[in-house]
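Inspection log for the structure reproduced underneath, given as structure tokens.
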Amino acid sequence: MFLVGTYELVIDAKNRLSVPFNIRRKLDEHSFYALPGGRPRTLALYPESYFEKLRPVPPAESLSDTTQAWRQFEYSQCALLETDNQGRILLPDRLLKRAGIEKEVTLIGVQDHLELWNRRDFEEFENSQWEHLAENRARALQELRAFAPQPSGLQA
């Protein structure tokens, strides 16, 4: 799964968001987990089966109090969202309010998940990234090379 792209969308009066066709056709399923994103004022949307594979289920008694509290909080903030026949998901009002998400939004693909941003916030982020594109790209690619598989037969 490889999710990419930027989509300017509107959340309707019933808190429904149309998932773009380009996203829906890449996925075998039509359910997403929504949870607070890694950045303030964003929501992360993970395809259901992928999110469940990402989260190990260790016995609670083997976790520190801090990790157990984080796990309780994260799962309490998650919502399982089903797409309707028109490809829309119903976003819980509680999550939208907590994240400060308004009606005009930008949905972006971030490799293995989607992120929902206020349109204005994403525009500011995007502009800041364009300002330093060359140096940020160089730093990121250097860091990411450590994770790249080495072709067989080549030695470092």
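Coordinate-derived values only; no laboratory data. None of these values were measured; they are calculated from a predicted model. Here the Cβ positions follow ideal geometry from the backbone for every residue, glycine too, while neighbour counts run over all protein chains shown.
Quick notes
- Within the chain, longest stretch free of exposed GluC sites (Glu not before Pro) [DSSP loop, at most 16 other beta carbons within 10 Å]: 30-101
- Cross-link partners for Lys53 among the lysines, with Cα-Cα distance under 20 Å and sequence neighbours closer than 8 places in the same chain left out: Lys26.
- According to the calculation over all Cα-Cα pairs in the chain, the P(r) per 5 Å bin from zero is 2, 7, 15, 18, 17, 14, 12, 9, 4, 1, 0, 0 %.
- Whichever aspartates and glutamates have a C-alpha closer than 15 Å to that of Lys97, once near sequence neighbours (fewer than 8 apart) are set aside: Asp12
- Put in line by how crowded their Cβ is, counting other Cβ atoms within 10 Å and starting with the fewest, Thr6, Thr106 read Thr6, Thr106.
- Secondary-structure-derived ellipticity at 222 nm for the chain, considering helices only, amounts to -10500 deg cm²/dmol, per-run term -39500 (n - 2.57) for DSSP H runs with n ≥ 4.
- Choice from Ala138, Ala69, Ala44 with maximal GNM fluctuation in the chain (Cα, 10 Å cutoff): Ala138
- Between amide H atoms placed 1.01 Å from N, distances below 5 Å from His113 occur with Leu3, all of them 5 or more places distant or on a separate chain.
- Residue among Ala60, Ala140, Ala99 with the largest mean-square fluctuation in a Gaussian network model of the chain, springs linking Cα atoms under 10 Å: Ala140
- The chain - percent relative contact order, Cα under 8 Å, separation 6 or more: 33 percent
- Comparing Ser76, Ser49, Ser62 in a Gaussian network model of the chain, where Cα atoms under 10 Å apart are tied by springs, the biggest mean-square fluctuation is seen for Ser62.
- Unit charges on C-beta of K, R, D, E only; dipole of the stretch 6-119, Debye: 320 debye
- Karplus-based coupling profile of the stretch 93-110, in residue order and whole Hz: 4, 4, 5, 4, 5, 4, 7, x, 7, 9, 7, 8, 10, 10, 9, 10, x, 10, with θ = phi - 60° in 6.51 cos²θ - 1.76 cosθ + 1.60 and x standing for Gly or Pro.
- The ranking of Asp112, Asp28, Asp121 from fewest to most other beta carbons within 10 Å of each one's beta carbon is Asp28, Asp112, Asp121.
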